[in-house]
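No lab work stands behind these numbers, since they all come straight from the coordinates. As the structure is a computational prediction, the values presented were derived from the model and not from experiment. So basically every Cβ, Gly included, is an ideal-geometry build from the backbone, and we count neighbours across all protein chains shown.
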Amino acid sequence: MASSSYCFKEPPAPAMARIPDAFIDDLLARSDIVELIGARVPLKKQGREYSARCPFHDERSPSFTVSPTKQFYHCFGCGAHGTAISFLMNYDRLEFLDAVEELAKRAGMEVPRDTQQRNANPDGQDLYAALDASAKFFQKQLAGSAKAQAYLDGRGVDATTRERFAIGYAPDGFNALRDALGSDERRLKLLERGGMMSRNDTGRVYDKFRDRVMFPIHDRRGRTIAFGGRVLEKDDGPKYLNSPETELFHKGRELYGLWQVRQAHNKIPRLIVVEGYMDVVALFQHGVDTAVATLGTATTPDHAELLFRNAPDVYFCFDGDRAGRGAAWKAVESVLPRMKDGRQAFFLFLPEGEDPDSLVRQEGQEGFHARLQQATPLSQFFFDSLSADVNLSTLEGKGRLAERAKPYLLQIPDGAFGDLMKQRLTELTGVGARTSSPQTHVRAQRARSAGAAPAAGKRSIVRSVIALLLQHPPLGVELQPPYRFATLRQPGVPLLVELLQLVDQRPDINTGALLAHFEGRDEQAALQKVALLNLPGDEVQWLREFMDGINQLESQTVQQRIDDLNARIRDAGSMSALSASEKAELRELQSPVRKDP
Ligand SMILES: [Zn+2]
């Protein structure tokens, strides 16, 4: 096949890969997040902040707040949060650069010129183009393969559905795609980066997908970012083969079919989560057009968030066997912390030997919907699973169920669902799940050991200083690196240092932008929580408290050094454990009229 029929763009002139942070900080400083969000969502003023019903999840009472001083938004229900830029990205569904340009236009600012070409990463554009060309290549191959067509015919997949899902066929042999699209070094590299090629021990590069029906996986804008391939015959290797993780594809965050579902609905009433591509396609073919598939992984928390952002009701389909129940429990664990009011999750266990594909072909749309009606609600599956091997007629059994259930129930967001679950536990065992149980303590410890800022409970100095800094980032400008307390061995110190360095480098940064810097990291949730506090007082008072805190951290650092040196003397049983300069240092540190180090 002539490769010239697939056009990869030549690389454009080098462009700056990203917009300078200083520009973003300035842009956010000049944008009014309240006005921006208020134009799209009705906001109500409440004290210093604004509240609304969250635009990112279904809810009856408002749990979405916008802070004009900190310039960020946060939803206590679904956890959505971010700056004016992320709001535009999520609400108007813009790409980062488009959101920046939109804001810049409103603020009358010019985006630094080099970055103005769409999506400053030309390399990324080429990667999308390579995957798109691959999808087209596979589609063309399907048209020429009687075997692959017979397979889809046998499955009852008609031409419209094939087209809608851009289903294709990867030919047998090792070089079909490589020969068609990998004709030079650069193109071959792109195909490799896109996960389309494998490499053997001798370094030979060959087609990853061979003799498989190909299902392109689309991102939220409908671009091809990866593929799933399904064998035609049963014993031809693994049934499903996915693209590896690439810079465009993270399987834990994508759902196969979501793009098509969104195309078919303005408002998606429910999402049905199944296991395979063929299940999604077959359900669509038979009029059940709200199915998506996880991509060979258990349901992740990212999946759960994505599902509920798109639909209030989520139905999980699993095999009725042991493995299926295990997978269902994984889904429970991902879903519980997201069970805000208005959301519902159900579990549908399929009869032995059946999958959604076979069921919908036998029973049609009606039959499948009837099964959904009978699905097990999350609450029931939860208590059934936890008490499966427990005798609830004994005190011991009740105690065991209560112990097992409590840590899970504590993860449910405040609201009616959480209350009802706790009530149900009380009915079953006579024991309530109070938040004041020792679990709270365990959770706080877990947050601490995960390297997050110290959680609520003991108010450490580090935490107070971080809270002040998030309240009013310009406080950080009062300090210059290096920070003398950086060596202090206390939870949260490295985080504080990182925050101070950020403020030092970007003096105009506001709270929203500071938080955005930690997006995707473990510390993010803890920081977000601290940033939501509204500290009493004013800037003058904050500055005093901030400097007080810093001074205390510095004297603790001195004390830590004294203790360290003394410990070495004690361990060695002699002053000779220290070098001459260390001895001098210790004398100096311990002297009552010590100058500040
Ligand atoms: Zn929300």
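Could you point to the residue in 182, 89, 196 farthest towards the positive end of the stretch 61-206's charge dipole, with +1 and -1 charges on the Cβ of Lys/Arg and Asp/Glu respectively? Result: 196, furthest along the dipole toward the positive end.
Subtracting the Cα-Cα distance from 0.36 nm times the residue separation, let me have the gained length for residue 533 to residue 246 in nm, one decimal.
Working: separation 287, 0.36 × 287 = 103.32 nm, distance 3.83 nm.
Gain on stretching residue 533 to residue 246: 99.5 nm.
The separation of the stretch 483-500 from the stretch 33-67, counted between C-alpha centres, amounts to 34 Å. Of 462, 227, 512, whose Cα points farthest to the positive end of the dipole of the chain (charges on the beta-carbon: +1 Lys, Arg; -1 Asp, Glu; origin at the Cα centre)? In the chain, that residue is 462. Find the centroid of the Cα atoms in the stretch 245-263 and in the stretch 149-207, then give the distance between the two in whole Å. First find each Cα centre; the distance between them is then 18 Å.
Pairing the Cα long axis of helix 356-373 with the longest principal axis of the chain, what angle in degrees results, from 0 to 90 and rounded to the nearest 10? Helix 356-373 and the main axis of the chain meet at about 60 degrees. For the chain, the alpha-carbon coordinates run over 91, 74, 60 Å along the three principal axes, in decreasing order. With r as the distance between the Cβ atoms of residue 264 and residue 554 and R0 = 51 Å, compute the FRET efficiency 1/(1 + (r/R0)^6) and round to 0.05. Using R0 = 51 Å, I get an efficiency of 0.25.
What does the charge dipole of the chain about its Cα centre add up to, to the nearest 20 debye, if the Cβ of each Lys and Arg holds +1 and the Cβ of each Asp and Glu holds -1?
On the way: 77 positive and 79 negative charges, 170 e Å.
My answer is approximately 820 debye.
Per residue of the chain, the DSSP helices (runs of n ≥ 4 H) give a summed -39500 (n - 2.57) that works out to -14500 deg cm²/dmol at 222 nm.
Please give the helix 461-471 orientation as an angle from the longest Cα principal axis of the chain, in degrees from 0 to 90, rounded to the nearest 10. Between helix and principal axis, roughly 60 degrees.
Send over the semi-axes of the stretch 214-315's equivalent ellipsoid, whole angstrom and largest first, taken as the square roots of 5 times the C-alpha gyration tensor eigenvalues.
Values: eigenvalues 91, 51, 31 Å².
With the √(5λ) rule applied to the stretch 214-315, the semi-axes are 21, 16, 12 Å.
Taking Cβ atoms as reference points and 11 Å as the exclusive limit, the residues near residue 582 contribute a net charge of +1, counting Lys and Arg as +1 and Asp and Glu as -1. Its Cα centre serving as origin, the stretch 491-585 has a Cβ charge dipole (Lys and Arg +1, Asp and Glu -1) of approximately 260 debye. Quick one: if you stick a label point 7 Å off each Cα along the C-beta vector at residue 220 and residue 384, how many nm between them? The modelled label-to-label distance comes out at 3.4 nm. Evaluating 6.51 cos²θ - 1.76 cosθ + 1.60 at θ = phi - 60° for every residue in the stretch 238-251, the Karplus couplings come out as x, 4, 10, 10, 9, 4, x, 5, 10, 5, 9, 10, 10, 5 Hz, glycine and proline recorded as x. Estimated at 0.36 nm per residue, the fully extended path between residue 298 and residue 519 surpasses their Cα-Cα distance by 77.2 nm.
Would you mind working out the magnitude of the charge dipole of the stretch 181-232 relative to its Cα centre, with +1 at each Lys and Arg C-beta and -1 at each Asp and Glu C-beta, to the nearest 20 Debye? Walk me through the numbers before you get to the answer.
Numbers: 13 positive and 7 negative charges, 47 e Å.
Roughly 220 debye, rounded to the nearest 20.
Scanning residues 5 or more positions from residue 347 or on other chains, those with amide H under 5 Å from its amide H are 316, 376, 378, with H placed 1.01 Å from N in the peptide plane. Within straight-line reach of residue 234, meaning a Cα separation under 30 Å, sit the following lysines at least 8 residues removed in sequence or on another chain: 136, 140, 147, 208, 251, 330. The label point for residue 146 and the one for residue 590, both projected 7 Å from the Cα toward the Cβ, are 9.5 nm apart.
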